[in-house]
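**Student:** Pasting a structure here, questions to come.
The values are calculated or read from the model by the stated rules, or taken from the named source; none is laboratory data. Every value quoted in this text rests on a predicted model; they were computed, and no experiment measured them. When we count neighbours, we look across all protein chains shown, and the Cβ atoms used for this are built from the backbone with ideal geometry, even at glycine. Note: areas computed on protein heavy atoms with side chains; ligands, DNA, RNA excluded. Shrake-Rupley method; radii C 1.70, N 1.55, O 1.52, S 1.80 Å.
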Amino acid sequence: MAAQNTDIHLYTTQTPNGINISILLEELGLKYQVRKHVLVYLQRDPGWSLLKTTTVEITKNTQKEPWFLEINTSGRIPALTDTKEDGQTVKLFESGSIMQYLVDRYDKDHRVSYPYGSREHWEVNNWLFWQMGGLGPMQGQFAHFNRYAPEKIQYGIERYRNETRRLYGVMETQLQKSCSGYLVGDRCTVADISCWGWVAAAAGSGADIAEFPVLKEWRDKLLARTAVEKGRHVPSPHTVLEYYKLSEEELKKKFEGASKWIQASMKEDSK
């Protein structure tokens, strides 16, 4: 099936929430256009649809520049713009909101969704909000205290480690009951896509999925999907799965540079 032309501009970088959107765009078979006067990462490969994105370099605070704040006042990625049927631009931010928009507008055949108002529709919505309010923030805080904080605060590390583990257990229980291997119903949906990047990044944060065999099987099941394989590498190579091969000491060294940038960014935000 030929990719559908759109006027979508995706503003992103290589994070779990960032790749949520590029994976969904791939699942929906959408092309997205490039703004040529900003830095872009352009990826081509034989047999792939053409992927075009505007890369937001968070280490250079691109997301704090006035042009980006016009799109997302919060100064965070991902963000997305599109042209509506009336010719006016719609500006979107927060990955859950972007995913709902894309499904509502472009998934008329319900490739990764269910008809509005159906039981499955609301169950998908449950998991999307669960990720936005639970898995993402909790694992993100665990990664911060475990990898990036300038001092090791054991209470914070254990608080968020345990909550991440609990949330993995919630997914494990749901997947054990699934006949399809997906979170809701008989297909991969935005419920799965929104959670996948976080589970894939488990080793990077310090979480352990070894005790959750069904969750690991689910992670690999999604990885085998063509759209996930394409979308996870936007706008740069997705390397977090390689972290499973590294020792804890190697991981600590790997995150040292990012830790310094995060500390500097926090000081800037406090102003």
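**Student:** Once you put a point 7 Å from the Cα of ARG105 and another 7 Å from the Cα of LYS245, both along the Cβ direction, what distance in nm separates them?
**Tutor:** With each label point 7 Å from Cα toward Cβ, the separation is 3.9 nm.
**Student:** Which whole-Hz ³J(HN,Hα) couplings does the stretch 129-134 yield from phi under the Karplus relation 6.51 cos²θ - 1.76 cosθ + 1.60, θ = phi - 60°, glycine and proline marked x?
**Tutor:** 5, 4, 5, 5, x, x
**Student:** With a 1.4 Å probe and all protein chains in place, put THR164, THR73 in order of accessible area, largest first.
**Tutor:** Most to least solvent-accessible, the answer reads THR73, THR164.
**Student:** Give me a comma-separated list of calculated 3J(HN,Hα) values for the stretch 91-103, in order, Karplus coefficients 6.51, -1.76, 1.60 applied at θ = phi - 60°, integers in Hz, x for any Gly or Pro.
**Tutor:** Those phi angles translate into 10, 10, 8, 6, 4, x, 5, 4, 5, 5, 4, 4, 5 Hz.
**Student:** To the nearest 10 Å², what's ILE157's accessible area with a 1.4 Å probe?
**Tutor:** Its heavy atoms expose roughly 10 Å² to the probe.
**Student:** Can you pull out the GluC sites (Glu not before Pro) in the stretch 112-212 whose DSSP state is coil and whose Cβ has at most 11 other Cβ atoms within 10 Å?
**Tutor:** Passing sites in the stretch 112-212 are GLU151, GLU211.
**Student:** Calculate, for THR83 and TYR148, the FRET efficiency according to 1/(1 + (r/R0)^6) with r their C-beta to C-beta distance and R0 35 Å; round to the nearest 0.05.
**Tutor:** Efficiency at R0 = 35 Å is approximately 0.40.
**Student:** Convert each backbone phi in the stretch 189-204 into a coupling constant with the Karplus relation 6.51 cos²θ - 1.76 cosθ + 1.60 (shift: θ = phi - 60°), then list the ³J(HN,Hα) values in order as whole Hz, x for Gly and Pro.
**Tutor:** 10, 5, 4, 5, 4, 5, 8, 4, x, 6, 5, 4, 8, 3, 5, x
**Student:** Could you sort out which of LYS91/LYS230; LYS31/LYS252; LYS177/LYS221; LYS31/LYS108; LYS31/LYS221 sit more than 27 Å apart by Cα distance in this structure?
**Tutor:** Over 27 Å apart, Cα to Cα: LYS31/LYS252.
**Student:** Another question, then. Using DSSP to define loop residues, name the trypsin sites (Lys or Arg not before Pro) in the stretch 139-184 whose beta-carbon has at most 16 other beta-carbon atoms within 10 Å.
**Tutor:** Sparse-neighbourhood loop trypsin sites (Lys or Arg not before Pro): LYS152, LYS177.
**Student:** LYS84 accessible area, nearest 10 Å², 1.4 Å probe?
**Tutor:** Approximately 80 Å² of LYS84 is accessible to the 1.4 Å probe.
**Student:** Mark the label point 7 Å from the Cα of ARG187 along Cα→Cβ and return the residues of the stretch 73-111 whose backbone N is within less than 17 Å of it.
**Tutor:** Output list for this probe position: 99-111.
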